[in-house]
Ligand SMILES: [Zn+2]
């Protein structure tokens with residue numbers, strides 16, 4: 001929307017020290033005097049608060065159509081517009097979400113909205129503004145040295161301070177500490193700032209301070225945080241201290257912890273301008289995009305490991321299934337790190353097989369998903385019912401369900417009766433973990449009606465042993481997931497023993513697959 005007063009534009013037209021320097025190509029000023037002499041330099045711009053700086057750069061980035069949070073997917077219409085509003089409003093904000101929802105990544109990406117460099121008084125521990133110093137040593141220095149006061153330039157990467165809150169974080173860690181003995185020996189006023197050991201928050205002055213898992217921060221530190229934001233002063237060990245800091249405060253928390261009574265002191269909650277809910281990917285495709293971006297799959301071994309698309313779908317589906325599973329604790333959630341580490345482990349399993357069998361190019365197979373079990377179990381916080389079954393069993397059931405779902409997506413209208421018949425007529429097949437690609441391809445090719453369907457899984461040539469064998473194995477796993485055939489722990493497939501319910505299912509092949517939890 002157009003701003004009729006034009007004040008928004010005027011605000012953005014002010015040059016900061018950094019931008020005017022870049023445009024004029026001048027050498028970086030080294031003293032306060034040189035800083036003042038930059039052409040077109042507007043000291044009001046230089047002394048802009050960090051929130052105004054973020055606002056200005058954010059508006060500019062939006063107008064240019066830049067990607068605000070590179071590498072963050074699935075939040076374009078939900079989380080990101082809310083963050084933009086919070087920043088434009090100059091609000092501190094909190095991201096509420098479960099594990100592995102890119103909360104920390106988003107907060108770190110705020111760095112990109114800061115000016116590339118910022119002038120500070122050289123040597124100041126709290127990055128004092130050369131035009132508006134708040135610490136006493138800097139004020140004394142400017143009083144004595146004037147325009148010769150040295151300036152240094154701070155890169156934006158150094159203007160982000162982050163801390164994981166735990167119950168043992170102290171006031172000294174966050175705000176600072178006073179040494180009364182040194183204060184007394186120095187003959188100074190006990191409230192004198194010269195005796196302060198600054199904590200993380202003052203060191204984040206003129207930058208961004210992020211506290212992860214805010215509810216774990218002790219109540220009295222929350223009070224300290226609030227006081228310093230509200231009044232710019234605080235008491236440490238009974239000594240009053242004035243610190244009018246300029247900081248954007250951002251937080252993360254688990255939603256249930258945050259809303260639990262008594263976890264966050266009310267005045268601090270009041271000072272947080274926006275509560276923004278993060279979420280897991282809404283679709284398998286979004287999840288796959290994130291996983292593909294984060295997972296280390298391009299290995300340096302000289303072996304080419306290909307991960308078929310349907311296996312990536314299976315791995316992503318495992319996370320989706322786990323997030324819905326009643327036996328998995330929903331309060332802690334299932335991190336996006338589950339599919340990421342699972343894909344990495346799956347590639348390693350294929351890599352290991354390639355090395356053992358002396359194969360150069362290899363296509364990952366369903367067996368490799370099972371080999372990734374250790375990368376999955378640790379990512380599941382189980383409820384009591386799940387604990388009874390054990391993480392291993394739960395994870396195996398999740399894989400089986402995921403395979404079943406992906407299978408259904410690709411083969412809704414295909415009748416595999418001839419494959420099932422092959423097993424019912426006494427056919428048996430073993431696909432040991434270390435069988436070579438050629439061996440597996442030969443074995444699988446014997447099953448009538450199997451190879452003719454591998455095209456559905458993206459295989460162009462059914463004689464191409466690697467992709468064809470992997471796809472054929474996926475089909476057998478899918479049939480097993482739907483209880484159409486049987487399978488042993490040693491990856492042997494055989495005819496499913498006829499039982500009442502399965503019998504019925506076989507007669508009505510169009511029925512949607514049932515969930516495989518039992
Ligand atoms: Zn200073």
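The values are calculated or read from the model by the stated rules, or taken from the named source; none is laboratory data. Values in this document were obtained by computation on a predicted structure and should not be read as measured data. No Cβ is skipped: glycine too gets one built from the backbone with ideal geometry, and neighbour counts run over all protein chains shown.
Here are the numbers for the structure shown:
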{"read-out": "Some residue of segment 367-376 being in contact (Cβ under 8 Å) with a residue 60 or more places away in the chain and in the same structural domain as residue 308 (by TED's automatic domain parsing)", "value": "yes"}
{"read-out": "Selection within segment 162-171 - touching a strand residue (DSSP E or B) at 6+ places or on another chain (Cβ under 7 Å) and surrounded by fewer than 18 Cβ atoms within 10 Å (Cβ to Cβ)", "value": "162, 164"}
{"read-out": "Helices (runs of 4 or more DSSP H) wholly inside segment 39-123 that include at least 3 residues being touching a strand residue (DSSP E or B) at 6+ places or on another chain (Cβ under 8 Å)", "value": "50-63, 79-88, 103-109"}
{"read-out": "Candidate set: segment 427-451, residues that are modelled with pLDDT of 90 or more and in a loop (DSSP other than H, G, I, E, B); chosen: the one nearest to residue 479 (Cα to Cα)", "value": "450"}
{"read-out": "Some residue of segment 286-307 being in a strand (DSSP E or B) and within 30 Å of residue 227 (Cβ to Cβ)", "value": "no"}
{"read-out": "Residue, surrounded by the most Cβ atoms within 10 Å (Cβ to Cβ), within segment 250-276, restricted to residues that are touching a residue at least 12 places away in the same chain (Cβ under 8 Å) and in a helix (DSSP H, G or I)", "value": "268"}
{"read-out": "Subset tally (residues that are more than 10 Å from the ligand (Cβ to nearest atom) and either closer than 15 Å to residue 29 by Cβ or crowded, with 18+ Cβ neighbours inside 10 Å (or both)) for segment 123-160", "value": "14"}
{"read-out": "Where residue 152 falls short, out of the listed (1) within 36 Å of the chain's Cα centre (by Cα); (2) outside any strand (DSSP E or B)", "value": "(2)"}
{"read-out": "Which listed residue is within 16 Å of residue 101 (Cβ to Cβ) and touching a strand residue (DSSP E or B) at 6+ places or on another chain (Cβ under 6 Å), from 278, 289", "value": "278"}
